[in-house]
Amino acid sequence: MTASEGLSRNESLTWEFSNWLHSLAPWELFFTGTFSYEASNESCQRSFKSFMNKYMSDVSWFYVTEKNPNRPGYHIHALIHGAEGYSRKTIWNKWFKRFGINKLEPVRSRMKVEKYTTKHCTTYLTKGFGWYDLKINDPNLWNQSKR
């Protein structure tokens, strides 16, 4: 018997996704980025990737998009690893000036943020909206996750 037996399909997917995400990296930062405009799912993805490539190109990340609860458009949640040399305040300001309100904070509970982000992945998989992606820049993490 596995830990995911007896769970609903969504709960099982979330559990499996969370375990997979946990195996990828010891995530250090949790990011939520919103947009001052109505960002489509595709725009949300492009904006995040472009931002990360420009300002934090050497870190590893995992993101998931989510529909805004109270207005049209999407926002993003991300987990980040390898950002030791970056100022959270500077990153916050750069996102705010370009896109809008955001929150960048240390991960206090890996399991909680992994479950939270993967919950949105399972919504994408079961309902067909949203998206997720990742980029592993630390070769040690890549080799570790393949074991």
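Are any of the pairs Lys67/Lys115; Lys54/Lys89; Lys89/Lys119 more than 19 Å apart by Cα-Cα distance, and if so, which? Over 19 Å apart, Cα to Cα: Lys89/Lys119. Helices in the chain that qualify as membrane-span-like (whole DSSP H runs, Cα extent of at least 20 Å along the helix axis, mean Kyte-Doolittle hydropathy of -1.0 or higher) are 9-24. Over the residues of the chain, the helix contribution to mean residue ellipticity at 222 nm works out to -14500 deg cm²/dmol, using -39500 (n - 2.57) for each DSSP H run of at least 4. Summarised in one figure, the compactness ratio Rg/Rh of the chain, Cα atoms and Kirkwood Rh, is 0.97.
Since every read-out is calculated from the coordinates, none of them should be taken as a lab result. Keep in mind the model is a prediction, meaning the values are calculated, not measured.
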